[in-house]
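Q: One structure is given below, represented as C-alpha cells, and several questions about it will come after.
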Amino acid sequence: MSDKVQLIDLVNKNYTWDALGFEKEISLSQISTISKMEEDLVGNDSNRSVQQDNNSVSKKEETTLDLSKKLTKEEAEEIKQWEKDYNEALAFVKDAIAPSMMKIDASKIQIWDTYVKTFFVYAYPDFLEWNWLSPLINWDIKFDLSIFVYPIEGAYIMKYLRKRLTELYSERSINQDKWLINDPALDAQIQDVEELRWSLTRWQEKYFHMWIYVSIYAESEEELKKLWNSFESLLSGRNILTKQAFLRSEQGFIATWPFAKDEVGVFRNISTKWLSTTFPFTSNSLSQDDGILYWINTHNNSLIIFDRFKTENANMTVFAKSWGWKSFAIKLEILRSLMLWTDVIVIDPENEYKTLVDTVGGSYLNINLNSKERINPFDLPKWMKDYEANPWDLLRWAIVNLIWLLNLMLWKITPSESSILEKALIITYSLKWITFDDDNIERKEVPVMKDLYSVLETMDWAKWLVERLEKYVSWIFSWIFSEPTNINLTEWLQVFSVRDLDEVLRPVAMYIILNYIWNIVRSSNKKRFLVVDEAWNIMQYEDSAKFMFWLVKRARKYNLWVTTITQDVEDFVTNKYWKAIVTNSSIQLLLKQSPASIDVLQNIFKLTEQEKYILLQSSVWQGLFFAWTEHVWIHILASFFEEKIITTNPNK
C-alpha cells in the first residue's frame with residue numbers, strides 16, 4: 001500500500017457516519033499528527049526504513065499504519081484538498097435532504113406548507129374481521145402507516161395469564177359469596193384467558209406487542225382537521241379507537257418514517273390469530289385446480305388459473321377504451337383454450353383474428369359481397385336437445401327468427417306487415433314440403449330468399465314489402481342473402497369476418513351469423529364459447545340486440561358461453577339489453593378506461609376508489625378481472641411467440 005493511500009485511509013477512518021447520516025469531525029490532535037508526519041517525511045532519504053522487532057510487536061501494533069515511508073509535499077497537499085472536497089460534499093448532502101423550516105406544535109408538525117398529524121390505535125374490538133385495515137389502505141389520501149410487532153416470551157405471558165386467571169376466579173368467588181348473580185362479562189374474560197392458555201401451551205398461538213401509527217398530510221390546518229374527522233370515522237365504525245399523539249407529535253412523526261424507531265410506546269397485546277388480520281396487503285387469489293392460465297395477479301404475482309365451464313354462468317363482458325388490449329386479452333384466452341379442445345367461434349369486425357387462424361388452423365369465413373361463403377337464413381336447426389321440444393317447434397323457431405331478421409332488413413315492419421310475412425313464410429316452407437304437421441323435416445330442400453319474394457308477389461297488400469325486399473333478391477345484395485348455405489362448422493376455430501361489409505348490411509349479416517351459430521350449437525353438446533367483438537354493432541339495433549340478449553340467456557343450456565367486447569360504455573347505459581347482458585354475465589374484464597367513461601363504469605360495477613384509479617392510471621396491459629365476488633388486479637402477460645400471433649399492433 002502506498003503512503004498516499006495509507007494516509008487517505010487514516011483520514012477516512014476518522015470520518016464515520018452515525019444512523020442519521022451525520023459525520024464525526026476529525027480531532028485536532030489527529031490533524032496535528034498528520035501535519036507533523038508531513039514535515040518529518042519531506043526531504044528525507046527515500047531509502048530510509050524503520051526496523052521492527054517481529055517478536056515484540058503486538059497485534060495492535062501490526063494493524064497500525066506504516067507512516068515512516070517518504071511522502072512528498074505535493075502528495076500531502078493533494079490529500080488536504082481531498083479532505084476539503086469531502087467536507088464540502090458532505091455539507092451539501094445534508095442541506096439537500098434536510099428541510100429548511102420545521103415547526104413542532106403540541107398536536108402537529110409543520111414542514112414548509114405541509115401539515116402533519118400522527119395518530120395511534122389504542123383499543124380494538126374483541127373480534128377483528130379479516131383484512132380490517134383494507135379501508136385505511138385504500139384511503140385515497142396521502143398518509144404513512146407503521147406497524148410495529150414484537151414477540152413476547154412464552155414463559156412471561158403464561159405467568160401473566162395465570163395471575164390474571166387467578167384474579168378473575170377470585171373475583172367470581174367473591175361475587176358468589178355475596179350471593180350476586182353471575183357477571184357475563186366476567187365469565188367471557190375467564191373463557192378467553194383459558195382458551196388463550198390452551199393455545200399457547202399447544203403452540204397453536206404466540207403472543208405479541210403491536211403498535212399502529214398513522215401520519216396524515218394536508219396543505220392547510222382546515223384540511224388536516226377534515227382528514228382527521230374522516231380517519232376517526234373510518235375506524236370508529238369498526239370499534240377501533242384512535243388518539244392523536246398529543247405533546248408527542250415529533251415522536252409520532254418519527255415512528256411512521258422508515259427508521260424502525262418507536263418513541264411513543266402505545267401498544268396492545270395480541271395473539272397470532274388476530275395479528276394475522278392486520279396484514280395490510282392481502283389480496284384475492286383466483287386460482288383453480290384445472291383450467292387455463294389467464295393472467296397474472298399483480299397483488300401477489302400468483303397465477304390466475306380458471307375454468308369458465310365449471311361456473312354456473314361463465315358469460316363474459318369486456319370493456320376497454322380504443323387500443324386498450326381488449327382483443328389481445330381475449331385472443332390470448334382463445335389460444336390457450338384451444339389446447340384443452342374447446343371450440344371457439346368468433347365474429348370479427350376488423351380482420352384481427354386472421355393471423356391466429358392461419359397459425360393454429362381453423363376456418364376463416366370472410367362474409368362480404370364478393371366472397372364465396374354463403375349462409376341461408378332459411379336453414380332449419382337440427383333436432384334440439386330440449387326434452388319438451390316437438391318436431392314442429394323447429395319450423396316455428398325458424399319463422400320467428402326470420403321475422404326478426406326481416407324487421408332489420410326492411411327497416412321496421414308494421415304489425416300488419418308482420419302478419420303478412422308470417423303467412424308468406426309458412427307458404428314458402430310448405431312449397432318445399434316443410435309443414436307443422438310433418439314429423440320428419442330433415443333432409444328436405446330448404447327455401448331461400450327468392451322463394452319468399454315470389455310468394456309475396458302473389459299476395460295482396462304486400463306491395464311495399466316486395467319493393468323493399470327486391471334489393472336482397474335481384475340486385476347487388478342478392479348474392480349474399482339469397483343462396484344456399486355452403487359452409488359447415490366443423491373446425492375447432494371458426495372466425496366470421498364482417499369487416500368488408502357495408503355499414504347498412506353489417507347488422508343484418510351479424511344477425512344471420514348469430515342465428516346460424518345458434519342452430520349449430522344447439523344441435524350438439526360440445527364445450528364452446530362465442531366471442532362477439534365490437535358488440536355495439538349488434539346492440540345498436542333493437543331486434544339484433546334482443547336476439548343477442550336472448551342468446552346470452554339460453555347459451556348455458558347448450559354448453560356455450562358468450563364473450564361480448566365493446567369500447568362504448570355510453571351504448572351500454574342507453575341500451576336496456578346491455579344491462580341485461582351484464583346481469584347474465586358472471587365474469588367481467590375491465591381494462592384501461594378514459595376519464596369520460598370511468599364514472600359510468602363505477603356506478604355499474606360498484607368500483608372502489610382504488611379500482612377506479614387502477615383503470616385510469618394503469619398501463620394498457622393491466623386491468624380488473626371480476627369472477628363472481630372476486631375482484632383481482634391483473635397483468636396480461638403473453639410469451640414471445642403468443643404475442644407474435646395475437647398482437648394487434650401494426651408495428652409488430
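The values are calculated or read from the model by the stated rules, or taken from the named source; none is laboratory data. It should be emphasised that the depicted structure is a prediction, and the values quoted were computed from it without experimental measurement. A quick note on method: Cβ atoms are made from the backbone with ideal geometry, for glycine too, and the neighbour counts reach across all protein chains shown.
Q: Within segment 267-307, how many residues turn out to be under 28 Å from Gly154 (Cα atoms) and either touching a helix residue (DSSP H, G or I) at 6+ places or on another chain (Cβ under 7 Å) or modelled with pLDDT of 85 or more (or both)?
A: So the count comes out to 2.
Q: Residue under question is Asp187, and the condition is that it be out of contact with any strand residue (DSSP E or B) (no Cβ under 6 Å at 6 or more places or on another chain), loosely packed, with under 14 Cβ neighbours inside 10 Å and without any contact (Cβ under 8 Å) to a residue 12 or more places away in the chain; does it hold?
A: no
Q: Given the structure, is Ile270 closer than 21 Å to Ala329 by Cα and touching a residue at least 60 places away in the same chain (Cβ under 8 Å)? If you could, list the steps in order and put the result at the bottom.
A: Numbers: closer than 21 Å to Ala329 by Cα: no; touching a residue at least 60 places away in the same chain (Cβ under 8 Å): yes.
In short, no.
Q: Specify which of the listed residues (Lys576, Lys527, Lys557) is closer than 21 Å to Leu408 by Cα and surrounded by fewer than 19 Cβ atoms within 10 Å (Cβ to Cβ).
A: None of the others qualify; the one that does is Lys576.
Q: Could you tell me which of the residues Glu153, Glu129 is of a type in the set (Asp, Glu), out of contact with any Gly (no Cβ under 7 Å at 6 or more places or on another chain) and free of Cβ contacts under 8 Å to residues at least 40 places away in the same chain?
A: Glu153
Q: Which helices (runs of 4 or more DSSP H) sit wholly inside segment 420-495 and have at least 2 residues that are farther than 30 Å from Lys526 by Cα and free of Cβ contacts under 8 Å to residues at least 60 places away in the same chain?
A: Output list reads 449-457, 463-469.
Q: Could you tell me whether Arg238 is more than 17 Å from Val116 (Cβ to Cβ), basic (Lys, Arg) and in contact with a Pro (Cβ under 9 Å, 6 or more places away or on another chain)?
A: Working: more than 17 Å from Val116 (Cβ to Cβ): yes; basic (Lys, Arg): yes; in contact with a Pro (Cβ under 9 Å, 6 or more places away or on another chain): yes.
For Arg238, the condition - more than 17 Å from Val116 (Cβ to Cβ), basic (Lys, Arg) and in contact with a Pro (Cβ under 9 Å, 6 or more places away or on another chain) - is met.
Q: Then there's this: For the list (1) more than 47 Å from the chain's Cα centre (by Cα); (2) aliphatic (A, V, I, L, M); (3) surrounded by fewer than 16 Cβ atoms within 10 Å (Cβ to Cβ), I need the number of the one condition that Val504 fails.
A: The single condition Val504 does not satisfy is (1).
Q: Scan segment 107-117 and tell me whether some residue there is at pLDDT 90 or above, of a type in the set (A, V, I, L, M, F, W, C) and assigned to a strand (DSSP E or B).
A: Yes: segment 107-117 contains one or more residues that are at pLDDT 90 or above, of a type in the set (A, V, I, L, M, F, W, C) and assigned to a strand (DSSP E or B).
Q: Condition (residue is closer than 30 Å to Leu338 by Cβ, in the same structural domain as Trp341 (by TED's automatic domain parsing) and not in a helix (DSSP H, G or I)) applied to segment 502-510: is it met by at least one residue?
A: No, that holds for no residue.
Q: Where the second residue is part of a helix (DSSP H, G or I) and the first is farther than 18 Å from Leu286 by Cα and lies in segment 616-628, which pairs have Cβ atoms under 9 Å and are six or more apart or on separate chains?
A: Leu616/Pro595; Leu616/Ile598; Val620/Phe328; Trp621/Phe328; Trp621/Ala329
Q: Hey, another quick one. Just to be sure I understand, how many residues within segment 106-126 are closer than 17 Å to Ala218 by Cα and either aromatic (Phe, Trp, Tyr) or not assigned by TED's automatic domain parsing to the domain that holds Arg238 (or both)?
A: Summing the residues that are closer than 17 Å to Ala218 by Cα and either aromatic (Phe, Trp, Tyr) or not assigned by TED's automatic domain parsing to the domain that holds Arg238 (or both) in segment 106-126 gives 3.
Q: Which one is modelled with the highest pLDDT, of the residues in segment 308-324 that are under 19 Å from the mean Cα position of the chain (by Cα) and among the aromatic types (Phe, Trp, Tyr)?
A: Phe319
Q: While we're on this one: State whether one or more residues within segment 304-319 are surrounded by 23 or more Cβ atoms within 10 Å (Cβ to Cβ), touching a residue at least 40 places away in the same chain (Cβ under 8 Å), aliphatic (A, V, I, L, M) and in a helix (DSSP H, G or I).
A: no
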